[in-house]
Amino acid sequence: MELRAPKREELETMIEWRNDPLLAKLAAGTNAHLWSGLTIEQMESWYGTHYQQANSLEKGRIYSIYHEDRFIGYCDYREYHPLTNSCTVGMVIGDRDYWDRGFGSEAMQLLVEYLHKTIAVRRFQLDTWAGNIRAIKCYEKCGFQIEGTLRDNEWVDGQYEDTVLVGLLMDEHKS
């Protein structure tokens, strides 16, 4: 597995993933309606903003996830704080053929280790909604710990759900 610089030709695949109702719900919870339904023009604008304009490591970046030359997902970091050496991370394994096989954990481990080595990130954080059990298990497998819960903070499938906050400190991380 490797993390690569993203390519414009991956946008069509990303649109397919984002329009998958289950994936949109898992990835975005309350905001699934904003996450899906994008046009190619909107994705190209997003690509220009997030992929091409991140000229420095400190601004955050998105990486394409490849397994044996197959594009299976993407991960990112953002909200990097140089004073605290912390950032927010995220990941999507969009290709369902690669779900529940450890690829998400491997990709997150690669991202965490890369950011620690290149810009000395020591704290990683993210959030997801409580119903995204697959993601929570993935992050726990990578060493993230549940740090908090925002009760009834999400609206998913007509009911309130909690937001789960997780974090990882590098001095607790095992490669």
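The values are calculated or read from the model by the stated rules, or taken from the named source; none is laboratory data. Please read all numbers here as calculations on a predicted model, not as lab measurements. Don't worry about glycine lacking a Cβ; one is built from the backbone with ideal geometry, like all the others, and counts go over all protein chains shown.
See the values below:
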read-out	value
Residue count for the stretch 125-151, restricted to those that are in contact (Cβ under 8 Å) with a residue 40 or more places away in the chain and out of contact with any helix residue (DSSP H, G or I) (no Cβ under 6 Å at 6 or more places or on another chain)	5
Among the candidates GLY131, GLY104, residue that is part of a loop (DSSP other than H, G, I, E, B) and within 20 Å of ALA32 (Cβ to Cβ)	GLY131
ASN55 vs. criteria at pLDDT below 95 and of a type outside the set (Ser, Thr, Tyr)	yes
Residue within the stretch 60-70 that is without any contact (Cβ under 8 Å) to a residue 24 or more places away in the chain and either small (Gly, Ala, Ser) or surrounded by 15 or more Cβ atoms within 10 Å (Cβ to Cβ) (or both) present	yes
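Every residue, every condition in (1) of a type in the set (D, E, K, R); (2) in contact with a helix residue (DSSP H, G or I) (Cβ under 9 Å, 6 or more places away or on another chain); (3) within 13 Å of CYS142 (Cβ to Cβ), yes or no:
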| position | (1), (2), (3) |
| --- | --- |
| CYS87 | no, yes, no |
| ASP95 | yes, yes, no |
| TRP99 | no, yes, no |
| GLU106 | yes, no, yes |
| VAL121 | no, yes, no |
